[in-house]
Amino acid sequence: MPEPATLHIQDTPELKIARNFLILGLLINALVLLFFSLPILSLILSIISFAFSTGGFYKLSKLARSQILFKYYTFLVLDGVLMGIIAGIINTNETLKTGFSIGAFVVLICAVFYFYFFYRICLELTKITTIDFFTLAFKGMIVGIVVFLIGCLFLSMGEVFYFISIASLIIISISGILFVIGIFKIKKIVYYEG
């Protein structure tokens, strides 16, 4: 096994560009959620977010000499696009909306792969930066989603469902903040030569 090498990149221009691109991509993505009811604006913001995030992950992958990081980001994006297309087809087709169809099953499978790729990204970021905030962010996001799914069991009891939904939203938001803090804390990259 090759020996790890540490590259201190705290104030390098490449890290600043990667960090800025990643933060801008995440912030614009949060705006997409706010303007979800305006489809054209939401689409434009999604494209801008995609461009910034892709640039940030590319720069960070290049700095870390980690093709795996960018590969998993690419798979994450492709899976998200596939999931969106299938969900759009299901939403426009009345026969697919009723009951649990094969389309809904495919969306569920895509969601599982989406979380897997996001997990691999967080794991790789933790490995190359030695910062645990990325895996903590992923675990927090999973906990938030599980809390929301538990809340769905109480859908008929309106106030309980809303309370649990807000709790899950807070947990997921804290996870996003942990991810951003992890990006800000990147000072060195550990990579393996060989």
Discussion item. Tell me the mean residue ellipticity at 222 nm calculated for the chain from its helices only (DSSP H runs of n ≥ 4, each -39500 (n - 2.57), averaged over every residue, nearest 500).
Written reply: -27500 deg cm²/dmol
Worksheet item: Going toward the positive end of the dipole of the chain, with +1 on Lys and Arg Cβ and -1 on Asp and Glu Cβ, which of Ser165, Leu69, Met83 do you reach last?
Response: Leu69
Worksheet, complete the sentence: Among [x] 9, 28, 36, 18, 7, 1; [y] 9, 32, 32, 20, 6, 0; [z] 8, 27, 27, 16, 12, 8, 3, 0, the entry matching P(r) over Cα pairs in 10 Å bins from 0, in percent as calculated here is [x]
Item to complete: Could you give the spread of the C-alpha atoms of the range 111-194 along their three principal axes, from largest to smallest, in whole angstroms?
Response: 58, 25, 12
Item to complete: Evaluate the distance, in nm, between pseudo-label points positioned 7 Å from the Cα of Val160 and of Ala87 along their respective Cα→Cβ axes.
Response: 2.7 nm
Fill in: Paramagnetic label zone (point 7 Å from Cα along Cα-to-C-beta, Phe35; backbone N under 19 Å) in the range 44-84
44-54
Response to the item:
Quick calc, Ile47 & Asp11: beta-carbon distance into FRET formula, R0 45 Å, rounding 0.05, result 0.90
Worksheet entry | Lys pairs, the chain - Cα-Cα below 19 angstrom, 8 or more residues apart or on other chains | 21
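Where a number appears in this text, it was derived from the coordinates with a stated rule and is not lab data. This is a predicted model, so every value here is computed, not measured. Reconstructed Cβ throughout: ideal geometry from the backbone, glycine too, with neighbour counts over all protein chains shown.
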